[in-house]
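Input: a single structure, listed below in structure tokens.
FYI, it's all coordinate maths here, none of it is from the lab. Keep in mind that what you see is a predicted model, and the values were worked out from it rather than measured. We place every Cβ from the backbone using ideal geometry, glycine too, and count neighbours over all the protein chains shown.
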Amino acid sequence: MALKDSYLPAHGNTGYRVAHYDLELDYKPVAARLSGRARLTVVALEALTAFTLDLGTFKVDRVLVEGKPVRYTHASGKLRVRAGRPIAVGTRFTVEVRYVGTPRPIRTRAWGDLGWDQLTDGAIVASQPIGAPSWFPCNDTVREKATYQISVTAPSPYTVLANGVLVDGKVGGSTTTWVYVQDVPMATYLATVQIGQYEELELADGQPAAVPSRLVAKFATDFGRQPAMMELFERLFGPYPFGQYSVVVTDDDLEVPIEAQGLSVFGANHVDGRRGFERLVAHELAHQWFGNSVGLADWRHIWLNEGFAAYSEWLWSEGSGGASAAVLAARARALLARQPQNLRIGDPGVDGMFDDRVYQRGALTLHSLRQVLGDAAFFSALREWTHTYRHRTATTDQFIAVAQRHTSLPLGPFFRSWLFEGKLPG
């Protein structure tokens, strides 16, 4: 039986796991209308006569299990499906859901609107942590990963990007169908579709980008060092864990950039032609190792995502001739010392998941660990971490165990003070 997330138990469903999502979407940007057919390959973890999926405010037209129509109800974000006949433990079966409607973000008190949202001209998906049901039926839990095929039909003037590698593009009259395959397991919150009237580019290392025409020149400056960033991170963290890395810049401003697996999204306001937001370029790229490849087994371990990505900003600064990680760590410590000393970043609580102290103290924890271990052992531990848990999920205790293998010094007190006590260590 699958476990519920300790922070977000209302999301996700027990009794099964999803091995693969095959999504066929038809989107009309002007009408903001989405028609979908989702075919899920599911494995029963317990005997099932019924099960639930997470799905937002769509009209569900039909549900089939193993190709046969079954009874269902849909309310309060849950699609409840009758199996038709009992399903034994270990059985692999298919569920197909056909649905239509206007995608609406999942509204949350703590984080605002999450998931599929309208741009001025196009659409964006930003699901972290629970926005995936805004556009497809899923088992929306961070601990579960599946492979994907995402097919999107949209008007031909629009460019569509999604996770994975583009394997097909079919023009049919006034529309184009884009087919992407993500054959590396992925959490639901990292699944994404980006739709806009973009110019398609390639960076110096051949990695693709989609950018509004008016921003192409500035983008070339702001993202021109991303190939060097990739080279540095591969040296420090190990091989890039996916087939490619795409960047999208929307024609709208965004509050913050968005991470997805194999893809990051920036707002027009993050492109200034002066590399003014280059630290965010480093942050989102680093998430491909920390958060996307090595995923979270539970949201309470969020520092493993954000602390590592924030520290990668410092590593890029140090490696590219900017301020050293030591200087940036000293600045972060001074800032944290002026803030409330009441957040335990190893278990920050659901309301503290995206508190800036998780990012900054997480980065400072890693820099302090680097000082304890020394550079050779520290970066060896990071490479072991990304290799051992590549395309898997992990916990704080598992990271501590990896770090401990690289020193004879007992690290228990170190991690207890940095991660599980509110007061900033001296």
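Go ahead and set up a Gaussian network model of the chain, Cα springs under 10 Å, then flag whichever of Ala334, Ala19, Ala310 fluctuates most. Of Ala334, Ala19, Ala310, the most mobile in the Gaussian network model is Ala334. For the residue pairs Lys28/Lys59; Lys4/Lys28; Lys59/Lys145; Lys28/Lys218; Lys68/Lys145, the C-alpha atoms sit more than 24 angstrom apart in Lys4/Lys28; Lys59/Lys145; Lys28/Lys218; Lys68/Lys145. Spatial offset of the range 363-426 relative to the range 138-210 amounts to 35 Å, using the alpha carbon center of each.
What's the angle, to the nearest 10 degrees (0 to 90), between helix 325-337's Cα axis and the longest principal axis of the chain? It works out to around 80 degrees.
Each Cα pair under 8 Å and six or more residues apart adds its sequence gap; the mean of these over the residue count of the range 296-419 is a relative contact order of 33 percent.
Residues of the range 76-94 with an amide N closer than 14 Å to a point placed 7 Å from the Cα of Ala47 along the Cα-to-Cβ direction: 85-91.
Quick check: net charge around Trp178, other residues with Cβ under 14 Å of its Cβ, Lys/Arg +1 and Asp/Glu -1? Result for the neighbourhood of Trp178: -3. Taking the average, over residues, of other Cβ atoms within 10 Å as the packing measure, peptides 135-143, 286-294 rank 135-143, 286-294 from highest down. Backbone amide hydrogens, once placed in the peptide plane, bring Lys78 within less than 5 Å of Leu55, excluding anything fewer than 5 places away on its chain.
When the alpha carbon gyration tensor of the range 198-288 is reduced to an equivalent ellipsoid, the three semi-axes, largest first, read 20, 13, 12 Å. Axis of helix 356-373 versus longest Cα principal axis of the chain: the two differ by about 50°, to the nearest ten degrees. Distance between the modelled labels on Arg107 and Leu3, one decimal in nanometres: 3.4 nm (7 Å Cα→Cβ projection). Just to confirm the number: angle between the C-alpha axis of helix 303-319 and the first principal axis of the chain, 0 to 90 degrees, nearest 10? With rounding to tens, the tilt is 50 degrees.
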